[in-house]
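Let me begin by presenting the structure, written as C-alpha cells, before commenting on it.
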Amino acid sequence: MRALIIGVGQCGTKIADLFALVDFEALAINTSKSDLEYLKHIPEERRILVGESLTGGKGVNANPVLGREAIKRDLPLVMKKISSMVGYSDVDIFFLTFGFGGGTGAGGAPVLAEALKEEYPDSLVVAIGALPLKEEGIRPTINAAITIDKLSKVVDSIIAIDNNKLKESAEDISKAYEKINYTIVERIASLLALIDVPGEQTLDASDLKFVLNAFGSFATVGYAKAEANKVKNISRLILKSFENEGLYLEANIESALYGLVAIHGPPELLKAKDIFEALEYLTRKIKGKQIFRGFYPDPREKEIEVVTLLSGIYESKSIEDIVVTAKKYAHAFMKAKEEAETKKKELLTGLPDFDDIYPGEADERLG
C-alpha cells in the first residue's frame, strides 16, 4: 500500500515532518519561509514555499483567504512536484495534514484536496486536521468550522484531532503540542504498517480504502498498548482503544458506519474467545454493523498493540461545539456589521455635496 503525506501550513508541515522521520513519503507546503526551514526530516527539494509574491514568505497571519489565494497562485507548481513524487505508481491514499484554525492550512487544504481528487480520481484524499483549542479565540473557531464545511464536500474522510486534549497534559506547551503530533503519526503509521502484512487475518489496502471512503464524514483513530505480562484479558484492551482515553476526538462511536481493528502481539495472548467477544460487542454497537479485522500474532513481541479506525461518524461533540460556536459568533458579527452600516447610512443621509455649499466659488478661483 502506498500513502503520500502532504503537510499544509505550520501545523501540517510539522506533522508531515514526523511522518518523514518514520520513512513515509512527505511533502511540505507553506507560506512561511522560516517555518519550512525549521523542518528536520523532509528534504529541502520537497519543501514548497507558496504565495511568496503575496506574503513575502512571511505567512498569512491566520487569514484563510490569503492562504487559499497563496495555494491557488502556485497550484501548478505544487501539482507538478506531487506528480514527480508519484511517478508511474498508484497512490492509494493522499493524507493532507494541517491545522483547522490556521490560515495556510485552513484556506489551502480544500483547494489542494479538490485538485488531487480531479488529478487522481482513483486515489482517496483524507484530511488529518488538528482542531483549535477553545481558548485560542473566535477566529480559529470560525476558520475551523468553515474549513470543515468545505472539506466535507471534497475529501473522502476527515480525521479530526482535538487539541483540547493538550489540557490534560502536565507538560510544557511545546512538549504538549509535540506529543499530540507524535500521537497522530504513531496511530496512522502503526495502522498503515499492518496493511497488506500476512497475519492470521489480514487487512489489505482495499479494506482500509473501503473504510475511509466515507462521503466526507469524520473518522477517528483509536489506540491502546500494554506490556504483554500486564494484560489479563485482551478484550478490555480492545474496548479501551474505542473509549475516550483511546480516542483523540470526542465522538459518539455508535454513529459510526464502519470500523477497522488491527491487533498485534504475542500469539499466546491473542485469545480467540476474548477477541471475538470484544469485536462482536463493537459490531453491535456501531450503526453500520461493519468492522474489518486484522490479527497479527508475533512471537517476538513483548507488547500488545491495538489500532482502531472508525469512520462515517456524524455525531461528535468536539465538532458540534466548534460549528455551533462559529455560527453564533459569525451571525453576531454579520448582524453588528449590518447595524453599523445602517447607522452610518442614517447618519450621513441628507448631507449636501461640496458643490451645493460652495456654489460658484471654485469656478471663480479656477477661472
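Points worth noting:
- If you filter the range 123-169 down to residues that are among the acidic types (Asp, Glu) and modelled with pLDDT of 90 or more, you find that the one that is least open to solvent (accessible area, probe 1.4 Å) is ASP156.
- Applying a threshold of 7 Å to beta carbon distances and a minimum spacing of six or more residues, or different chains, the list of pairs starting in the range 125-143 at a residue that is touching a residue at least 12 places away in the same chain (Cβ under 8 Å) and ending at one that is among the hydroxyl-bearing types (Ser, Thr, Tyr) reads VAL126/SER157; ILE128/THR97; LEU131/SER318; PRO132/THR141; ILE138/TYR329; THR141/THR325; ILE142/TYR329.
- Taking the range 39-55 as the range and being open to solvent by less than 20 Å² (accessible area, probe 1.4 Å) and closer than 15 Å to ILE6 by Cβ as the test, the residues that pass are LEU39, ILE42, ILE48, VAL50.
- Any hit, the range 67-83, residues being surrounded by fewer than 21 Cβ atoms within 10 Å (Cβ to Cβ) and polar (S, T, N, Q): yes
- Selection within the range 191-220 - closer than 18 Å to LEU249 by Cα and among the hydroxyl-bearing types (Ser, Thr, Tyr): SER217, THR220
- Looking at the range 87-195, the helices (runs of 4 or more DSSP H) lying wholly inside it that each contain 3 or more residues that are of a type in the set (Val, Ile, Thr) and closer than 30 Å to LYS58 by Cα sit at 138-152, 173-193.
- The set of residues from the range 213-250 being without any contact (Cβ under 8 Å) to a residue 60 or more places away in the chain and within 11 Å of GLU305 (Cβ to Cβ) is empty.
- Selection count where residues are open to solvent by 20 Å² or more (accessible area, probe 1.4 Å) and either part of a helix (DSSP H, G or I) or more than 16 Å from ILE286 (Cβ to Cβ) (or both), scope the range 216-243: 12
- Against the list (1) hydrophobic (A, V, I, L, M, F, W, C); (2) farther than 20 Å from ALA214 by Cβ; (3) buried (at least 20 other Cβ atoms within 10 Å of the Cβ), the condition VAL86 fails is (3).
- Of all residues in the range 251-267, those being surrounded by fewer than 18 Cβ atoms within 10 Å (Cβ to Cβ) and either of a type outside the set (S, T, N, Q) or in a helix (DSSP H, G or I) (or both) number 4.
The values are calculated or read from the model by the stated rules, or taken from the named source; none is laboratory data. Computed from a prediction, not measured in an experiment: that's the story for all the values here. No Cβ is skipped: glycine too gets one built from the backbone with ideal geometry, and neighbour counts run over all protein chains shown. Just so you know, the surface numbers come from the protein's heavy atoms only, side chains and all, with ligands and any DNA or RNA stripped out. Shrake-Rupley method; radii C 1.70, N 1.55, O 1.52, S 1.80 Å.
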